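These notes are about the structure you will find just below.
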């Protein structure tokens, strides 16, 4: 009897994810599920992105965290459409939590919705939330073996960001090895080197803008 | 019908953890469950610790990772008692995996057993493995909000390590805020500032040595 119950949980999640996906698509919004370890810089990246694109793209954010509203408070300085989802001890967002979050946001006002998942490089990967794409975020401070050791996010992501490039002079990190590991696991995924705190996000911002244009056209 | 099944999984885990605990205790070994995010420096810390304590304390290591044997290979350079446990898509070690790992290690040869858990600050916290204590590892590159945002590891740990202190000049990190958050969540837990790569581990090494002495006496 155990196995059907586990299957049902995932099946239910996928069904709700499809409801979310239809709602997001009908609103003409491009939706990103952003996944990375605690402290890889997801919130800092969103802050910098929101500042940079203010007046150009309308971005909403659903923020997942075990507890606290710190991330949402940081993001709310730059964004009026932000919802914090606290998961308690839950290690990932699920589609139903996102469905509830979507009820708090007016999608008609948005071009892009970013779901900042709970800081966890493993569990969020397996849950469809209704996003268009998953984006994986690594930090150069985490070491060059993280793609090889966490292949599932590399397989599932459309785009990978290597953040905190400003720390490169101070850490040991073999960029060629990191890129080789990624190519071996998923030769289709793109990798961008960025620094959220330094504002080195030109490639990422261009990529975001392209997604919106290609949705409109 | 769902809830009893989940309870049974945790109950089974706890029963196997007690078997592990008895086996470890009978061998006179002190056992640490080391928990931290991907890239917080758990493996680097073990490498430096093993080098530093070679000939003084006999340390064995069980290493949990989704995939690859990279961590075990790094540790094996400094330690003959190392076992890699690959969890596949599993986000944490469970007591039965540790039970199987213990079959590969001669506890009679050891003073200390470190279980390096899968890189994940959330899921491993809830699973008893049979350890004496849980030790939480943070990296200063992850930001000063990580204790507040991940309170469960702070609650459960006997000791917290703040690693990568060599990066302090290059990152924004409010040490007072970090300490205040920890004190608020668990006023009993000790925090040590270390750098595994720079060898700043004197407090940690002393702490390890004290655990062995107190077990013997």
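The values are calculated or read from the model by the stated rules, or taken from the named source; none is laboratory data. No experiment lies behind these values; they were computed from the predicted model shown. With ideal geometry, Cβ positions are generated from the backbone for all residues, glycine too; neighbour counts draw on all protein chains shown.
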Exercise. Please give the number of the condition residue A:70 fails out of (1) under 21 Å from residue B:139 (Cβ atoms); (2) crowded, with 18+ Cβ neighbours inside 10 Å; (3) out of contact with any strand residue (DSSP E or B) (no Cβ under 6 Å at 6 or more places or on another chain).
Key: (2)
Quiz prompt | Enumeration of residues in region B:149-166 that are part of a helix (DSSP H, G or I) and farther than 20 Å from residue A:45 by Cα | solution = B:151, B:152, B:153, B:154, B:155, B:156, B:165, B:166
Self-check item: Cβ-Cβ under 7 Å pairs, at least 6 apart or on other chains, region B:148-162 side free of Cβ contacts under 8 Å to residues at least 24 places away in the same chain, far side crowded, with 21+ Cβ neighbours inside 10 Å and in a strand (DSSP E or B)
Solution: B:149/A:65
Quiz item: residue A:119 is checked against (1) more than 18 Å from residue A:46 (Cα to Cα); (2) within 16 Å of the chain's Cα centre (by Cα); (3) at the interface with chain B (Cβ under 8 Å from one of its Cβ atoms); (4) buried (at least 21 other Cβ atoms within 10 Å of the Cβ) and fails just one. What number does that condition carry?
Solution: (1)
Quiz item: Within region B:122-132, can you find the residues that are within 11 Å of the chain's Cα centre (by Cα) and either free of Cβ contacts under 8 Å to residues at least 40 places away in the same chain or within 12 Å of chain A (Cβ to nearest Cβ) (or both)?
Solution: B:124, B:125
Quiz prompt | From B:36, B:41, residue being farther than 25 Å from residue B:214 by Cβ and touching a residue at least 12 places away in the same chain (Cβ under 8 Å) | solution = B:41
Quiz prompt | Criterion (within 30 Å of residue B:39 (Cβ to Cβ), within 14 Å of chain B (Cβ to nearest Cβ) and at pLDDT 95 or above) met by exactly one of A:36, A:60 | solution = A:36
Quiz item: Just to be sure, is residue A:135 more than 10 Å from chain B (Cβ to nearest Cβ) and either crowded, with 22+ Cβ neighbours inside 10 Å or modelled with pLDDT under 95 (or both)?
Solution: yes
Self-check item: All positions within region B:77-106 that are over 20 Å from residue B:12 (Cβ atoms), crowded, with 18+ Cβ neighbours inside 10 Å and in contact with a helix residue (DSSP H, G or I) (Cβ under 9 Å, 6 or more places away or on another chain)
Solution: B:78, B:79, B:81, B:82, B:83, B:84
Quiz prompt | Sole exception among (1) outside any loop (DSSP other than H, G, I, E, B); (2) at pLDDT 95 or above; (3) more than 17 Å from the chain's Cα centre (by Cα) for residue A:6, by number | solution = (2)
Practice problem: Select, from B:171, B:189, B:205, B:154, the only residue that is over 21 Å from residue B:37 (Cα atoms), surrounded by 14 or more Cβ atoms within 10 Å (Cβ to Cβ) and either touching a strand residue (DSSP E or B) at 6+ places or on another chain (Cβ under 8 Å) or at pLDDT 95 or above (or both). | Solution: B:205
Exercise. Find the residue count for region B:185-201, including only residues that are touching a helix residue (DSSP H, G or I) at 6+ places or on another chain (Cβ under 9 Å) and without any contact (Cβ under 8 Å) to a residue 24 or more places away in the chain.
Key: 0
